[in-house]
Amino acid sequence: MPEQVRLVGRSSSHYTRLARLFAEELDIAYAFEPVHDLASRDPVDYAGNPALKLPVLVLPEGPVFGAENICRTLVAGARQPRRILWTEQLPDPRARNAQELVWHGMGAQVQLVFGMQVARLPAENLYFAKAADGFRNALAWLDANLESVLRGLPPRDVSLLEASLFCLLEHLDFRNTLPLAPYRHLAAFAAAWRERPASQRTAYAFDVVAPG
Ligand SMILES: N[C@@H](CCC(=O)N[C@@H](CS)C(=O)NCC(=O)O)C(=O)O
């Protein structure tokens with residue numbers, strides 16, 4: 001990985017945290033550049049991402065858009081090889097469904113937070129009500145299936161599934177969207193992952209605009 005790596009994102013973003021978790025696990029240094037205004041419609045504010053989304057990893061050869069894409073780029077450039085478990089290495093359909101529902105939950109979380117908290121649209125609109133129902137159903141499925149999915153995973157240092165699930169679960173509490181406590185297995189999983197040094201070095205926070 002080149003010296004002058006920049007990560008453009010938000011310390012309050014679950015997709016950004018996934019990229020940062022991987023960087024920490026792989027011991028890759030980077031300069032963090034927060035995006036302060038999510039209402040901006042200028043791709044320049046998103047390191048040139050035409051989709052107006054973050055995170056973006058900026059390398060000398062060009063930008064890398066999106067969390068999973070960034071994680072794969074970081075792993076490819078890491079000096080210390082680690083055993084990473086990607087989606088295509090998950091052993092069975094149940095484990096791959098778990099990953100699908102985690103991605104779904106992360107997307108739903110953006111829909112709910114951006115729609116209701118940033119754009120201040122009414123929560124009772126069917127668009128949000130259905131998203132919240134599907135989100136709760138997905139969490140219930142993950143809670144019921146997590147133990148057996150984790151039991152079936154091969155030996156690894158980090159799996160994309162667990163790292164992304166952790167980022168999602170911690171974000172529920174951080175953004176006050178849904179209580180995690182009713183999902184007993186998910187809460188226990190998050191508590192265990194919270195102990196990892198990489199988790200502690202990437203805790204959610206709201207970025208502050210530097211004075212002056
Ligand atoms: N597919 C993208 C999705 C990233 C995404 O939705 N990021 C959120 C922040 S957590 C965002 O850019 N929100 C601004 C918006 O949706 O306008 C990825 O995997 O990184």
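The values are calculated or read from the model by the stated rules, or taken from the named source; none is laboratory data. Keep in mind it's a predicted model, so treat the numbers as computed, not measured. Cβ: placed from backbone, ideal geometry, glycine included. Neighbour counts: every protein chain shown.
Has the stretch 75-83 got any residue that is at positive phi and either in a loop (DSSP other than H, G, I, E, B) or hydrophobic (A, V, I, L, M, F, W, C) (or both)?
So far as the stretch 75-83 goes, no, none of its residues is at positive phi and either in a loop (DSSP other than H, G, I, E, B) or hydrophobic (A, V, I, L, M, F, W, C) (or both).
In the stretch 72-87, the residue that is nearest to the ligand (Cβ to nearest atom) out of those that are of a type in the set (A, V, I, L, M) and closer than 25 Å to Ala47 by Cβ is Leu74. Count of the stretch 12-42 residues, restricted to those that are of a type outside the set (Asp, Glu), within 12 Å of the ligand (Cβ to nearest atom) and more than 17 Å from the chain's Cα centre (by Cα), is 3. On the stretch given as the stretch 189-212, residues that are out of contact with any Ser or Thr (no Cβ under 9 Å at 6 or more places or on another chain), modelled with pLDDT of 95 or more and not aliphatic (A, V, I, L, M) total 8. Listed here are the strands (runs of 3 or more DSSP E) enclosed by the stretch 13-68 that have at least 2 residues being out of contact with any helix residue (DSSP H, G or I) (no Cβ under 8 Å at 6 or more places or on another chain) and in contact (Cβ under 8 Å) with a residue 24 or more places away in the chain: 31-34.
In the stretch 181-212, what residues are of a type in the set (Lys, Arg) and under 10 Å from Phe166 (Cα atoms)? The one that is of a type in the set (Lys, Arg) and under 10 Å from Phe166 (Cα atoms): Arg194.
One line per residue, one yes/no per condition, for (1) more than 9 Å from the ligand (Cβ to nearest atom); (2) over 18 Å from the mean Cα position of the chain (by Cα); (3) outside the structural domain of Asn145 (by TED's automatic domain parsing):
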{"position": "Arg10", "(1), (2), (3)": "no, no, yes"}
{"position": "Leu54", "(1), (2), (3)": "no, no, yes"}
{"position": "Val64", "(1), (2), (3)": "yes, no, yes"}
{"position": "Ile70", "(1), (2), (3)": "no, no, yes"}
{"position": "Gln89", "(1), (2), (3)": "yes, yes, no"}
{"position": "Gly105", "(1), (2), (3)": "yes, no, no"}
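Restricting Phe206, Phe128 to residues that are in contact (Cβ under 8 Å) with a residue 24 or more places away in the chain, aromatic (Phe, Trp, Tyr) and not assigned by TED's automatic domain parsing to the domain that holds Val75 narrows the list to Phe206.
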